[in-house]
Amino acid sequence: MSESTPGYPDGYDKAIKVGRPPSVVHLFPNSKALIVSGKYIDRALRKKGDAITMAANGRNQFVIRGALRGAQRANAALMIEIARSEGGASAYCAVNYWNIARQVDAICNELNITIPVAIHADHYGIKAPEDVAPAKVEIPTLFEAGMTSIAIDASHMPDDQNLLASIELYPLVPDWAGFETEIGEIKGKEGLSTAEEALFLVQGLNANGIFPDWIALNNGTTHGIEASGQGIQVDLTQEIHDALAPYQVSGAQHGTSGNNSDRLREIAGKTRTTKANVATALQMVSWGLEVNDYGNAIMDEAGHFIKVKGQGMTEAMWDAMVAYATDNGLSGGNFKKLNLPFENRLLGQPADIRERMVKRVENFVYDMLVDVLNAGDTAPLVLADILETDSYNPGAKAERIDNPADWTAGKIREKGKRLCSDKGPQGDFDD
């Protein structure tokens, strides 16, 4: 590897020069933060094998800072993301699609973070065909704002409409960017995904020259706080990933917060998953609430969250948040809606309080990356890949297998009618 500035890994200066996408270079021309395509992150985890990195949902600045510090300690490639529900046009977080890259870049430079980071627009939801036209306007703005990866999630619609919407919107995604597709809303044990549905989506994309880096399934878990012991169905996930093996698509595990460490180790060891979304756990950890070893919030007998004295925010701030939640009818998972009204108040706490909020996230992220997800020491793999390809675009993992003539719009609709799929109950299952 080539030499770099003292204090930085060998080859780092060149990786900064050649490995950052053009939009990132345009936004941050003087930056030393290695913000890269999500494709590079996926490839590093695949190269290590039996490894998953965290896609940390940056619902607040404390989570972003803590996740970056934890990944730096672990020497692990990392993704920082925000979902459309969290940070889109109708956001419940102060961190959003358009400022998250700026926050990540600034924090990386401030803290001398040298691990590679991808910025992911998670769950860009398309819930009806009429959502496609405005998405064509909005999606380019995300990449202009520094995103390096996106999940186009049209899984709310029937399978044929999901596929057709993805085909129509994919041209808005730069060819260098990471791309995630989704075949089932995350609904716990209801509406579980099948190999038939997953093949339908991936084959249709493949025939149209689209090679997703990840696919997200409904494999038995839930977003938010896991109330049951159902969790990830590892065998189902393995079955679907095996069926998709010729297409070189990795797994994206949603709803990670409610699954215990042993189950997450099993998903790493037995499936092709390389990306695990962690959202609610990091929020609760940063606030100073009592959680179990994998971040699921613990409640008292009355169903209330338990604030750990001397951890996270001040007790007075927590009392104010609880009072606000009570006044606004917020409970359980809907405490997530406290992020927006309280972000500035949390940032206005004394430095030692802010630091303990960040440190709690840092320790949680480090332990999960190293002891559970097996992502430690994946940062050098990204760096080596960038130096080898000498580009910000590593290219596609897969190649076209399926015949485009078999996957026209009309034939997609015909095939869709023959699919037997259970989408589960209606409702709001967003992050």
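Rule-based calculations on the coordinates, nothing more; no lab input. Note that this is a predicted model, so its numbers are computed, not measured. Reconstructed Cβ throughout: ideal geometry from the backbone, glycine too, with neighbour counts over all protein chains shown.
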field: Taking M284, M368, M317 and counting other C-beta atoms within 10 Å, the order from fewest to most
entry: M317, M284, M368
- prompt: trypsin sites (Lys or Arg not before Pro), restricted to the range 343-428: which are DSSP loop and have at most 16 other Cβ atoms within 10 Å?
  reply: K397, R400
message: Which GluC sites (Glu not before Pro) in the range 291-400 sit in a loop by DSSP (not H, G, I, E or B) and have at most 15 other Cβ atoms within 10 Å of their own Cβ?
response: E301, E399
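Can you show me the helix-derived [θ] at 222 nm for the chain, built from DSSP H runs with n ≥ 4 at -39,500 (n - 2.57) apiece and divided by the number of residues, rounded to the nearest 500.
Result for the chain: -12500 deg cm²/dmol, rounded to the nearest 500.
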statement: Expected vector for the range 153-168, Karplus 3J(HN,Hα) from phi with 6.51, -1.76, 1.60 and θ = phi - 60°, integer Hz, x for Gly and Pro, equals 10, 9, 6, 5, 9, x, 4, 5, 5, 4, 4, 5, 5, 5, 4, 5
message: Using Cβ counts within 10 Å as a stand-in for footprinting exposure, how do D327, D385, D235, D402 rank, fewest first?
response: D327, D235, D402, D385
- request: Can you tell me the dipole magnitude for the range 260-301 around its Cα centre, using point charges on the Cβ only (Lys, Arg +1; Asp, Glu -1), in Debye to the nearest 20?
  value: 500 debye
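Treating only the Cβ of Lys, Arg, Asp and Glu as charged (+1, +1, -1, -1), what charge dipole size does the range 36-374 show about its Cα centre? Round to the nearest 20 debye.
Once rounded to the nearest 20, the dipole reads 980 debye.
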statement: Given Cβ charges of +1 for Lys and Arg and -1 for Asp and Glu, the option among C108, W176, N162 whose Cα lies farthest towards the positive end of the dipole of the chain is C108
task: Determine Rg/Rh for the range 264-328; Rg is computed over alpha-carbon atoms and Rh is the Kirkwood hydrodynamic estimate from the same atoms.
output: 1.11
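I'm checking a number: the convex hull volume of the Cα atoms of the range 346-388, normalised per residue, in Å³. What is it?
Once divided by residue count, the hull of the range 346-388 is 99 Å³.
Could you give the size of the charge dipole of the range 337-405 about its Cα centre, using +1 on the Cβ of each K and R and -1 on the Cβ of each D and E, expressed in debye and rounded to the nearest 20?
Magnitude of the dipole: close to 560 debye.
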Positive-end extreme of charge dipole, the chain - chosen from G329, V234, A195 (charges on Cβ): G329
- line: The extension gain from D50 to I401, computed as 0.36 nm times the residue separation minus the Cα-Cα distance, is 123.8 nm
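Could you list F335, F179 in order of exposure, starting from the residue whose Cβ has the fewest other Cβ atoms within 10 Å?
F335, F179
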message: Restricting to Cα pairs below 8 Å that are 6+ residues apart, what does the relative contact order work out to for the chain? Please round to a whole percent.
response: 23 percent
Those trypsin sites (Lys or Arg not before Pro) in the range 268-322 that DSSP places in a loop and that have at most 11 other beta carbons within 10 Å: K309
task: Determine ³J(HN,Hα), in whole Hz, for all residues of the range 112-117 in sequence, where each value follows from phi through the Karplus function 6.51 cos²θ - 1.76 cosθ + 1.60 and θ = phi - 60°; x replaces Gly and Pro.
output: 6, 6, 10, 6, x, 9
field: Among (1) 32.5; (2) 22.8; (3) 21.6, the entry derived from the coordinates for Kirkwood radius over Cα pairs in Å
entry: (3)
- prompt: Once fully extended, how much extra length lies between K32 and D319, figured as 0.36 nm per residue of separation less the alpha-carbon to alpha-carbon distance?
  reply: 99.3 nm
